Amino acid sequence: MINKGFEPKIVAFLCNWCSYAAADKAGAAQNTYPPNVNVIRVMCSGRVDPQFVMKAFKDGADGVIILACHLGDCHYKEGNYRAVQRYRMLTRLLDELGIEKERFLFDFVSAGEGDKFVNVLKDMGEKIKKIGPLPKT
């Protein structure tokens, strides 16, 4: 059931070389993504410190996304592998803190996948709408 009137706040960390370029491609194609997504550009998904994710939730995000280059395509060789490891660690930590795993998403989006970029953000928004707002402590 979708919560009427609830627009989730979503923070998306985008790799400069792939997913941010995909966002640019989506924009050039006039394929818009939801306005409730706050995009944060990072040079590499491997540079997303776990504290960034925790701060996003603490500061009121209902969902957080990390989008990385596909494995083997990282501009910095293995940054996306590091991001995968951090994602796995963070999902366990968030579970211990009582934050549903559906609120945190990791995916691979290359520079040429503008449509996938938009679909990932839209799907995440719909998923969070069904879950509802993150309870404030």
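The values are calculated or read from the model by the stated rules, or taken from the named source; none is laboratory data. All values derive from a computational prediction rather than experimental measurement. Here the Cβ is made from the backbone with ideal geometry for all residues, glycine too, and neighbour counts use every protein chain on show.
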Could we say that residue 107 is among the acidic types (Asp, Glu), touching a residue at least 24 places away in the same chain (Cβ under 8 Å), touching a Cys at 6+ places or on another chain (Cβ under 9 Å) and not in a helix (DSSP H, G or I) here? no
Within the bounds of region 107-119, is there any residue that is polar (S, T, N, Q) and exposed (fewer than 13 other Cβ atoms within 10 Å of the Cβ)? no
Which of (1) hydrophobic (A, V, I, L, M, F, W, C); (2) free of Cβ contacts under 8 Å to residues at least 60 places away in the same chain; (3) out of contact with any His (no Cβ under 8 Å at 6 or more places or on another chain) is the odd one out, the single condition residue 69 does not satisfy? (3)
Quick check on region 31-40. Is at least one of its residues crowded, with 17+ Cβ neighbours inside 10 Å, modelled with pLDDT of 95 or more and closer than 18 Å to residue 7 by Cα? yes
Among the residues of region 21-44, the number that are in contact (Cβ under 8 Å) with a residue 40 or more places away in the chain and within 14 Å of the chain's Cα centre (by Cα) is 6
Being in a loop (DSSP other than H, G, I, E, B) and either touching a strand residue (DSSP E or B) at 6+ places or on another chain (Cβ under 8 Å) or buried (at least 24 other Cβ atoms within 10 Å of the Cβ) (or both) is the filter here, so list the residues in region 57-74 that pass it. 61, 62, 69, 70, 71, 74
